[in-house]
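J.: Supplied in structure tokens, the structure appears directly below.
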Amino acid sequence: MGLSIIKPNSKIDFIGLRKYCAIFSLVLILLGLGSLVMNGGPKYGIDFSGGVLAQVRFDHAVAPEQIKDSLSSAKLQGLSVQRFGEDDTEYLLRISSVGDVDQRLPDILKAEFSKNLSDNPFTIERLDMVGPKIGADLRTAALEALYFAVLLIAIYISGRFEQRWFTAGIMAAGLATGMYLLDLVGAPKQMQVLIAMLLTLGICWKLKLNYALGAVIALIHDVFITVGILSILGKEFDLTIVAALLTIVGYSLNDTIIVFDRIRENIFQRTAPTYGEVINKAVNQTLSRTLLTSCTTLLVLVSLFFFGGGIIHDFALTLLVGVSIGTYSSIFVASPVLYAFSPDEIPEPEVESHNHADGTV
């Protein structure tokens, strides 16, 4: 018998809790959106905004204010100082991209620190430079990557669970045409991705691709809440965060597919007369597996968060938030959305007729 922390015959009414969960999710999304609005959008890192990042290690502890004061005469545009690691000896210095200063930053740091912090030797551990044009291109590419991941998932779910590959192909062709037309009229890439995402949801609803609609809404829910929480915590968005978000999309989808598989099996076996009962039964049957998988994953992520070092700290934090929210959405978002767009009662299965050689049926 396999390991189980919750009995598979438990009878928790997840569908009955859907309204409370919808309120909880809405509150988290609104808090995140409020933070993004107050901060003027996401706080982009060097990868997306352009500029220079230097990782500096000092021999002795030094306060951030001392570093800023020692560099004040250099007039570095948009200078920010962030502690990196466990103690006060290692820092990340960021400045906005200002042309030739990018190339001269190591010399500027050596000159200013030697003059103002002469009793505290330092070394430059890392130096990253990204131009503003490259940063904007990377930002657009990251958005497109997230969108196309969701689109391909919608196509896969439609074919996998509803056997409607042709319909899913029509949806993909329609969305590709729409994005091409938006590109022709010169619409910004960010707007194109947003419109395409809304069109994906609209087409899934119109074509009654209910499994795909539930999965896509759950994935968008996970990304929105994760981004909102990172904004509330004041974290910067860079390529590692995008990689974490794409990982979250895949992880959340895996949990959702397990639940959807059991829902479909229960429908075929007619284990209950209504969709609500079938979905509750499926979620209860897979609950132990879902929680065990998530808990073991979270144990690894907690270890990475505390012991993985500063370089992957934000990556691990993003995954911690995303895996937790993804587990929640697989149970309390994807399945209730499927229930909301399904009929109350499960239709009777159609009886197939077979023609025999003697003409009888």
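The values are calculated or read from the model by the stated rules, or taken from the named source; none is laboratory data. Computed from a prediction, not measured in an experiment: that's the story for all the values here. Neighbour counts run over all protein chains shown; Cβ positions are idealised from the backbone, glycine included. All accessible areas refer to the heavy atoms of the entire protein, side chains included, with ligands and DNA or RNA removed. Shrake-Rupley method; radii C 1.70, N 1.55, O 1.52, S 1.80 Å.
J.: Near GLY45, within a Cβ-to-Cβ distance under 12 Å, what is the net charge of the other residues, with Lys and Arg +1 and Asp and Glu -1? It would help to have the intermediate numbers written out before the result.
T.: Details: positive: LYS43, ARG94, ARG139, LYS235; negative: ASP47, ASP128, GLU236, ASP238, ASP314.
Result for the local shell: -1.
J.: Something else now. With each label point set 7 Å from Cα along the Cα-Cβ vector, what nm distance links LYS133 and ASN254?
T.: 4.1 nm
J.: Measure nothing but the geometry: give the 0 to 90° angle between the long axis through the Cα atoms of 239-269 and the longest principal axis through the Cα atoms of the chain, rounded to 10°.
T.: The angle comes out at about 10 degrees.
J.: Just to confirm the number: angle between the C-alpha axis of helix 165-184 and the first principal axis of the chain, 0 to 90 degrees, nearest 10?
T.: It is inclined by approximately 40 degrees.
J.: Sticking with this structure for a sec: What does the extension gain come out to for ILE29 and SER303, with contour length at 0.36 nm per residue minus their alpha carbon separation? All intermediate terms of the calculation are to be shown ahead of the outcome.
T.: Working: separation 274, 0.36 × 274 = 98.64 nm, distance 2.76 nm.
Gain in length upon complete extension: 95.9 nm.
J.: Output the 0 to 90 degree angle, nearest 10, between the alpha-carbon long axis of helix 275-307 and the longest principal axis computed from the alpha carbons of the chain.
T.: Orientation of helix 275-307: about 20 degrees from the principal axis.
J.: Within the chain, which is the longest segment that contains none of the GluC sites (Glu not before Pro) sitting in a DSSP loop with at most 16 other Cβ atoms within 10 Å?
T.: Value returned for the longest uninterrupted segment is 87-349.
J.: Another question, if that's okay. GLU265 versus LEU152, label points 7 Å from Cα toward the beta carbon: distance in nm?
T.: 2.7 nm
J.: Under a crude label model (7 Å from the Cα following the beta-carbon direction), how far is GLU144 from ILE170 in nanometres?
T.: According to this spin-label approximation, the distance is 2.8 nm.
J.: Still on this structure, I have one more. Keeping the other protein chains in place, figure out the carbon and sulfur percent of the accessible area of the chain, with a 1.4 Å probe.
T.: 63 percent
J.: Over the chain, with the other protein chains present, what is the accessible area per residue in square angstrom, probe 1.4 angstrom?
T.: On the way: 19010 Å² over 361 residues.
Accessible surface, normalised per residue, equals 53 Å².
J.: Could you pull the accessible area for ARG104 with a 1.4 Å probe, rounded to 10 Å²?
T.: 110 Å²
J.: Can you tell me the FRET efficiency between ARG126 and CYS21 if r is taken as the Cβ-Cβ distance and R0 is 35 Å, rounded to the nearest 0.05?
T.: 0.20
J.: Right, another one. Determine by what factor the alpha-carbon radius of gyration of segment 51-129 differs from 2.2 N^0.38 Å, reporting the quotient.
T.: That ratio works out to 0.98.
J.: Round to the nearest 10 and report in Å² the accessible area of ARG83, as given by a 1.4 Å probe over the protein chains' heavy atoms.
T.: That residue has around 120 Å² of solvent-accessible surface.
J.: May I pose another question? How high is the relative contact order of the chain? Use alpha-carbon pairs under 8 Å, at least six apart in sequence, and give a whole percent. Don't skip to the answer; put the middle values down first.
T.: Working: 457 pairs, mean separation 86.9, N = 361.
Relative contact order for the chain comes out at 24 percent.
J.: Does the chain come out rounded, prolate or oblate, given a ≥ b ≥ c as the square roots of the eigenvalues of its C-alpha gyration tensor, rounded meaning a/c under 1.5 and, failing that, prolate meaning a/b above b/c? Please list the in-between numbers first.
T.: Working: a/c = 3.21, a/b = 2.03, b/c = 1.58.
Prolate, because a/c is 1.5 or more and a/b exceeds b/c.
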